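To keep things clear, I will list the structure first and then write my remarks on it.
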Amino acid sequence: MKIFLDANICLDLLDTTRPTAKESIKWYMLNKDDISKEFYFSGDFITTFYYILTQKRKLLPKDVINAIDTLCMEIEPIYLTHSDFSTAKNSFVQGLFDDFEDLIVIQCCVRNGCEQFITNDKKLLNLSIFGNIDICKP
């Protein structure tokens, strides 16, 4: 099973002081060694992780880079393409969902054959499913 982790889940794994970190870490630790599961996140989130952790949390850049590197060894980054943008734009115009940024990421999940999208985003969780992707809490 291909499982995509939203940015908020990855940030929980990188910053254990976040309010939702305990739940996300517990879920990931219970699932990470299951060989039937493959984990992915958007590599396009890496700059956001770096910014939040160095500028907002004031962590040392070297430590943040090492943490992101470790994350990338366990959870494979996949990258957005122009076709993700185009398909998300069409979905947005058709009114399928009103958060364009989330639509681009979900389209990346669809393109890569992911079956689950794990998030703490309440708006996404209210969808519960998008195409063939189950949207779940950790």
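Coordinate-derived values only; no laboratory data. None of the values given here were measured: they were computed from a predicted structure. Neighbour counts run over all protein chains shown; Cβ positions are idealised from the backbone, glycine included.
For GLN94 and ASP134, what does the FRET efficiency come to when R0 = 25 Å and r is the distance between their Cβ atoms, rounded to the nearest 0.05?
0.70
So in segment 2-136, what percent of DSSP beta bridges are antiparallel if you round to the nearest 5?
Taking every DSSP beta bridge within segment 2-136, about 15 percent pair in antiparallel fashion.
LYS122: which lysines have alpha carbons under 26 Å from its alpha carbon, excluding same-chain residues fewer than 8 sequence positions away?
LYS2, LYS22, LYS26, LYS32, LYS37, LYS56, LYS89, LYS137
Running a GNM on the chain with Cα contacts under 10 Å, which residue among GLN107, GLN116, GLN94 ends up with the highest mean-square fluctuation?
In the Gaussian network model the winner is GLN94.
Kindly provide the helix-only [θ] at 222 nm of the chain, computed as the sum of -39,500 (n - 2.57) over DSSP H runs of four or more divided by all residues, to the nearest 500 deg cm²/dmol?
Rounded to the nearest 500, the figure is -14500 deg cm²/dmol.
If I take R0 = 22 Å and measure r between the Cβ atoms of ILE35 and ASP69 in this structure, what FRET efficiency does the formula 1/(1 + (r/R0)^6) give, to the nearest 0.05?
Working from the Cβ atoms, E equals 0.45.
For Cα pairs less than 8 Å apart in space and 6+ apart in sequence, what is the mean separation divided by the residue count of segment 2-136, i.e. the relative contact order in percent?
28
How big is the C-alpha Rg of the chain next to the rule-of-thumb value 2.2 N^0.38 Å, as a ratio?
After normalising by residue count via 2.2 N^0.38 Å, the value is 1.03.
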